[in-house]
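Since the structure comes first, as C-alpha cells, the remarks are kept for the end.
The values are calculated or read from the model by the stated rules, or taken from the named source; none is laboratory data. For clarity, every value in this text was computed on a predicted model and none was experimentally measured. As a convention, Cβ positions derive from the backbone with ideal geometry for all residues, glycine included, and neighbour counts pool all protein chains shown. What goes into the accessible areas is simple: the full protein's heavy atoms, side chains included, and nothing from ligands, DNA or RNA. Shrake-Rupley method; radii C 1.70, N 1.55, O 1.52, S 1.80 Å.
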Amino acid sequence: MAYREKVTIVRADEIATDIYEMCFSTENIAKEAKPGQFVSVYSNDGSRLLPRPISICGIEGDTLRIVYRAVGKGTQEFATMHAGQTLEVQGPLGNGYDISKVSKERKAILFGGGIGIPPMLELAKQLDCEKSIVLGYRDELFLNDEFEAYGKVYLATEDGSAGTKGNVLDAVKACGIEGDILFACGPTPMLRAIKQYAKENGLECYLSLEEKMACGIGACLACVCKSTQVDDHSKVHNKRVCKEGPVINAEEV
C-alpha cells in the first residue's frame, strides 16, 4: 500500500560530486517499504507538478534514505535542502525484489552501476545468503564502503582507477565471480549485458529497470517497456516500469 505523507528531513549531505543523500522520517512509508521499491518526491515549488521518482537506498525503522544524482531543477532543489525542512513524498511504489524466495543455500551476485548502486544497498542488507557485490563506476566512488558489511565487494571503473578497468561483467570475468542468482540495477546497456550473461549461463536474473515516469502509479503508461508477455492492463506486449517493475524477471523483458 502506498501513502502520501509530509515528511521531515533528518539528514541531507553531498556524498560525491553531484550525488546526494537524504534521510527523512515517515509515518507509514518506511514500515511498508521493500528493497527495490521507490518513492515519488514532490517539489515545494508549485510550478513543478510532477514528482521525481527516486529509489530507496535504506530502510531503518521509520526512516527512509534516498541517494540521487542532481541533474535537473527538481533534484537540484532537493540538493539544497537540509535537516528540519519538509517535503511531500508518496510511497512505497513499484515492485521490489522478492527475497522471500531466496534460500540461504543460494549464491547471489548483486550488480549496481552508477546511480543504480544505491537501491542495491538495502537488498544486500536484507538478502540472507552468500553474496558477491559488483559495483560499477565511471570514476568517483560512493557507498562502496557500506556494502562491505554484507558481502564481498568487487569494483569496476571505466578509467581503471579502482578495481577492474572496464564494466561489471569485466570484473566478474577478471575475479572469477560465481553465483546462481543475479540481481541488478543500473544503466540500460549494463542491464542488457547482464540479461545476456544470465541467459548464456542459465542463471535466474532480476533487473531493476529505469524509465522516465510521470504518475508513478501505473495510470499514465508513460514508463512502459517491451515485454515477452501481454500485459493485463494495456493488452499489448508492455510492462509499466512503475507498477509491474521496476524489478522484473529478465526473462519477461
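Things worth noting here:
- Computed with a 1.4 Å probe over protein heavy atoms only, the accessible surface of the range 5-102 comes to 45 Å² per residue.
- Heavy-atom accessible area with a 1.4 Å probe sorts LYS173, LYS34, largest first, into LYS173, LYS34.
- About the centre of its Cα atoms, the chain shows a dipole size close to 600 debye [charges on the beta carbon of Lys, Arg (+1) and Asp, Glu (-1) only; nearest 20 debye].
- Cβ-defined net charge surrounding TYR150, 13 Å radius [Lys, Arg +1; Asp, Glu -1]: -3
- Full-stretch length increase - ASP128, SER25 - with 0.36 nm per residue and alpha-carbon distance subtracted: 34.5 nm
- Nitroxide proxy distance, nm - points 7 Å out along Cα→Cβ at ALA2 and LYS173: 4.0 nm
- Amide H partners (placed H, <5 Å) of GLY113, local residues excluded: GLY136, CYS185, GLY186
- Distance (nanometres) between label positions extended 7 Å along Cα→Cβ at ASP180 and VAL71: 3.7 nm
- Highest mean packing first, where packing is the average number of other Cβ atoms within 10 Å per residue, the peptides 114-122, 58-66, 3-11 line up as 114-122, 58-66, 3-11.
- The range 1-137 - percent of accessible surface contributed by carbon and sulfur, probe 1.4 Å: 45 percent
- The chain - mean residue ellipticity at 222 nm from DSSP helices (-39,500 (n - 2.57) per run, n ≥ 4, rounded to 500): -5000 deg cm²/dmol
- Between THR63 and GLU146, residue separation times 0.36 nm minus the direct Cα-Cα distance comes to 28.1 nm.
- Taking amide H atoms as placed 1.01 Å from N in the peptide plane, the amide H of CYS57 lies under 5 Å from those of ARG65, ILE66, VAL67, each 5 or more residues away in sequence or on another chain.
- Other-chain or far-sequence residues with amide H under 5 Å of SER43's (modelled H): ARG52
- Cα-Cα over 24 Å, subset of LYS101/LYS152; LYS101/LYS165; LYS101/LYS173: LYS101/LYS165; LYS101/LYS173
- For Cα extents along the principal axes in Å, computed directly from the structure shown, the correct entry in (i) 63, 48, 35; (ii) 83, 46, 34; (iii) 50, 45, 32 is (iii).
- Two-site FRET efficiency, ARG192 against ALA162, from Cβ-Cβ distance with R₀ of 30 Å, rounded to 0.05: 0.80
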